[in-house]
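A short worksheet on the structure shown next.
The values are calculated or read from the model by the stated rules, or taken from the named source; none is laboratory data. Please read these numbers as outputs of a predicted model, since none were measured by experiment. Cβ placement follows ideal geometry from the backbone for every residue including glycine, while neighbour counts extend to all protein chains displayed. Just the protein is used for accessible areas: all its heavy atoms, side chains included, with ligands, DNA and RNA removed. Shrake-Rupley method; radii C 1.70, N 1.55, O 1.52, S 1.80 Å.
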Amino acid sequence: MSFVMKFKWIMLLSVTLLSGFAPQAFSQNSALQELKNYLTNPRQVGSGPLTYLGFKVYEAQYYVTDDLGHSGFALRLNYARKIVNTDLISATIKQMTRLGASDADINQWKIELEKIFPDVDQGHYLMAIYNSNGATTFLHNGRMVGKVIDPHFAKMFFSIWFDPKTNAPELRSKLLGDLCSPSIISASCLK
């Protein structure tokens, strides 16, 4: 192989690595491996970005064990920027309230989320894993940071992304693909 040809291959490889192709593939495989500690035979369904005022906030990935999420599912948020935990909590509470959570529930859940949600930075991820026992387990960069054992919390929390009334319908569509919302969101198929 000539020097010029070697140089082109090195440049192509460098561009591919710098573009995020290889780390994204690694991220998907590592996410599936990590999920196997919590869910049986998880598979990725969809993914998509959340942007705010034109800036990417995170890339979301949705994983299921069965099409309706009866046996469990997970949502992984790969952050593209720094966000302090108070802003994460505030945004979460705002969306849960908008989707119909009661003041009493919000007050209780806010206390729990203050113990769970960390500050995140670019390259960090949070993963929320729902199990059929009604628990939502939270991981930050692979480390368990908390658990909320409340099926109603799970419904309201995951509704932020999967309820038809979400503020991010394009992201919802990309996450769900051809599937319905998880069964904890709605007993009927809502696309």
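Details
- Of the residues making up the range 53-71, those that are under 16 Å from the mean Cα position of the chain (by Cα) and either more than 21 Å from Asn141 (Cβ to Cβ) or open to solvent by 70 Å² or more (accessible area, probe 1.4 Å) (or both) are Lys56, Val64, Thr65, Gly69.
- Contact map, the range 27-53: residues that are in contact (Cβ under 8 Å) with a residue 60 or more places away in the chain paired with residues that are open to solvent by 60 Å² or more (accessible area, probe 1.4 Å) and basic (Lys, Arg), Cβ distance under 9 Å, separation 6+ or inter-chain. Pairs shown: Gly46/Lys174; Ser47/Lys174; Gly48/Lys174; Pro49/Lys56; Pro49/Lys174; Leu50/Lys56.
- Residue in the range 94-111 that is touching a residue at least 60 places away in the same chain (Cβ under 8 Å), open to solvent by 10 Å² or more (accessible area, probe 1.4 Å) and outside any helix (DSSP H, G or I) present: yes
- Conditions (1) in contact with a Gly (Cβ under 7 Å, 6 or more places away or on another chain); (2) assigned to a helix (DSSP H, G or I); (3) under 14 Å from Phe157 (Cα atoms); number of the one not met by Lys115: (3)
- Condition met for Arg81 (assigned to a loop (DSSP other than H, G, I, E, B) and of a type in the set (D, E, K, R)): yes
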